[in-house]
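Derivation of every value follows stated rules applied to the coordinates shown; laboratory data play no part. Keep in mind that what you see is a predicted model, and the values were worked out from it rather than measured. Cβ atoms come from the backbone with ideal geometry, glycine included; neighbour counts cover every protein chain shown.
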């Protein structure tokens, strides 16, 4: 190798600046350290995600995808990269951030580790291009697989929580909105829909943000009524649509497959249409007359019985249901119910929530 600044006949007299060999070797050593650290970081993050898929969700398919990704990453971890490791000399080992000291819930833990894996893979994609012609391409493909895994996992968790939910609170106008909702959450509520037909969008957005944060802090799902745009703006778990609202197919295009979409139905035709359109759950009612649905006739428990026999997806009986008639609805075949006034106007929402759940847990949910 010629020293920097020397002429070489092969370059027709052009002066070529060549890095000293020792400097090139030093740079390669640094690259190996970067690759080593991020290969470990990606595998560690995936292992944390894999453990939840395996033990928390009992989902072998998702756990297996995590395992396959970890093994593919390990195949790129060469002896040269491991030999370049210098833990004692790593200036970043003492660096930390307050947000890393604790996790609010499983969702935040998973999001943090998905972010960790994705960032590590982006580093591996770029620095890998300096080491192997196929490494950058391989980690780009793996990074997109991790994006898909994250979307699938989040959607799966939402659907699992939906399946476990027996009681669905739909909010109404209230000066004590947040405190009432939190009281219900303390009682075991796991599914909330924010419904506001009067306020302007500024108020709706502010309230929706607060309610979504509150629900997620209790591990509950937050659904936005009608408004797909606001659902996206506040990162809601889904949206509930009436018969006159946006078609489910359009909402699905906007929301993606990982968020939930519910549809109100009042008869068998609407039910079958919602199922065919891809709704994740449906409302069945109004079972009894209710001021929440002014001018809409009650469908009675007959439609509840029809839903119990014919709906392959989760459904919630709704409309005028309260502690006095809940057992009549259950006897008609309901395993899940949605309520408004009986909780929003309750003097003790926590106790009323617990009572509803105690009655609903007497029956085993199927769909």
Extension gain (nm, one decimal) between residue 294 and residue 348, 0.36 nm per residue minus Cα-Cα
16.8 nm
Using a Förster radius of 45 Å, what is the FRET efficiency between residue 214 and residue 25 based on their Cβ-Cβ separation? Nearest 0.05, please.
0.20
Show that you can apply the helix-only estimate: for the chain, add -39,500 (n - 2.57) for every DSSP H stretch of four or more residues, divide by all residues, and state [θ] at 222 nm to the nearest 500.
-16500 deg cm²/dmol
Need the full-extension length gain, residue 119 to residue 235, defined as separation in residues times 0.36 nm minus the C-alpha distance. One decimal, nm.
39.6 nm
Using Cα springs under 10 Å in a Gaussian network model of the chain, which residue among 274, 307, 60 shows the largest mean-square fluctuation?
60
The simple spin-label model distance between residue 250 and residue 151, using points 7 Å out along Cα→Cβ, in nm, is 2.2
Which of the three applies to the stretch 165-360, rounded, prolate or oblate, going by the alpha-carbon gyration tensor with a ≥ b ≥ c and a/c under 1.5 meaning rounded?
oblate
May I ask for the angle, rounded to the nearest 10°, between helix 60-75 and the longest principal axis of the chain, with both axes built from Cα atoms and the value confined to 0 to 90°?
10
Measure out, as a whole number of angstrom, how far apart the alpha-carbon centroids of the stretch 326-358 and the stretch 181-217 sit.
18
Quick check: the angle from helix 135-164's long axis to the longest principal axis of the chain, C-alpha only, nearest 10 degrees?
20
Per the rule of 0.36 nm per residue minus the C-alpha distance, extending residue 141 to residue 106 adds in nm 9.9 nm
With the cut-off at 36 Å, report for the chain the share of all Cα pairs above it, as a whole percent.
39
Rounded to 10°, Cα long-axis angle of helix 349-360 versus longest principal axis of the chain:
80
Among 138-145, 249-256, how do they line up by average Cβ neighbours within 10 Å per residue, starting with the highest?
138-145, 249-256
Pairwise label distance in nanometres, residue 178 with residue 77, each label 7 Å out on the Cα-Cβ vector:
4.5
Please find the FRET efficiency linking residue 47 to residue 126, where r is the Cβ-Cβ separation and R0 is fixed at 25 Å, and quote it to the nearest 0.05.
0.60
Separation of alpha-carbon centers, the stretch 154-172 and the stretch 25-50, rounded to whole Å:
38
